[in-house]
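Here is the structure we will look at, set down as structure tokens.
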Amino acid sequence: MGGNKLFLSAGDNLLIERVLSRIMPWFQETLVAVGPDDLESLERLLAPVRDRLPVRIVVDSEPGKGPLEGLAVSLAAIRTGWAFVIGCDMPLVQEAVMRVLWNARTPESQAVCARLGGFLEPLHAFYSASCLQAVRKALATGERRIKSFFGGVSLTVVEEEAFRSLPGYRRSFSGVNTPGELLRLLNPRLP
């Protein structure tokens, strides 16, 4: 997209506002993890909608470590035992898809992640606070990818077949990665 998707506009709103508006009704609290350089700008941009979107912003302890660092600071900050993690560019998230993931948990589960088309979807998944130690261990070895710590936790993988009865389930996992995808989001009638 040629820039930080955290500040991507979608019509009159930021794309993240669409994501937040969609997920906030389903959770007790909502956190947004950002790098230190993004904090002031995001605070300023969200100020006019804070009454409607009362999010808590957490800041990466070590900038430049990518989404894994964001997961670490989020897991350290949550007040509940579990967190649903989603990318700021995924505004079509569906409650029914999240419920399938949530209901797949077992007593041993520490992370619950879908596999679509043979690929894990770590930025549309549930993580237990108990993952924090494995996340920090992966960060200490220089890892930045979220999937890098999966071998150190009890991962529950939800196969694509579990979602097939949900119309349009793949949209829930879709991120906006190109200007064309953003245009189609703003105007769903485009091919």
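Between Leu183 and Glu43, the C-beta separation translates, for a Förster distance of 45 Å, into a calculated FRET efficiency of about 0.95. Cross-link reach is defined here as a Cα-Cα straight distance under 17 Å, omitting same-chain residues fewer than 8 places apart; for Lys147 the lysines meeting it are Lys65, Lys137.
Taking a ≥ b ≥ c as the square roots of the eigenvalues of the Cα gyration tensor, the stretch 1-42 is oblate, since a/c reaches 1.5 or more and a/b is not larger than b/c. With each label modelled as a point 7 angstrom along the Cα→C-beta vector, the Ala96-Ile57 pair spans 3.6 nm. Mean projected area of the convex hull spanned by the Cα atoms of the chain, taken over all viewing directions: 11.2 nm². Taking the Cα centre of the stretch 5-186 as origin and assigning +1 to Lys and Arg Cβ atoms and -1 to Asp and Glu Cβ atoms, the resulting dipole is close to 300 debye. Candidates Trp26, Ala134, Leu14 compared by Cα position along the dipole of the chain: farthest toward the positive end lies Trp26, with charges placed on Cβ.
Each peptide in 158-168, 9-19, 82-92 gets a packing score, the mean of other Cβ atoms within 10 Å over its residues, and the list from highest to lowest is 82-92, 9-19, 158-168. With contacts taken as Cα pairs under 8 Å and at least 6 residues apart, the chain reaches a relative contact order of 23 percent. The mean sequence separation of alpha-carbon pairs under 8 Å and at least six residues apart, normalised by the residue count of the stretch 10-92, gives a relative contact order of 40 percent.
Values in this text are rule-based calculations from the coordinates and carry no lab data. All figures in this text were calculated on a predicted structure; none of them were measured in a lab. FYI the Cβ positions are ideal-geometry reconstructions off the backbone, even for glycines, and counts take in every protein chain you see.
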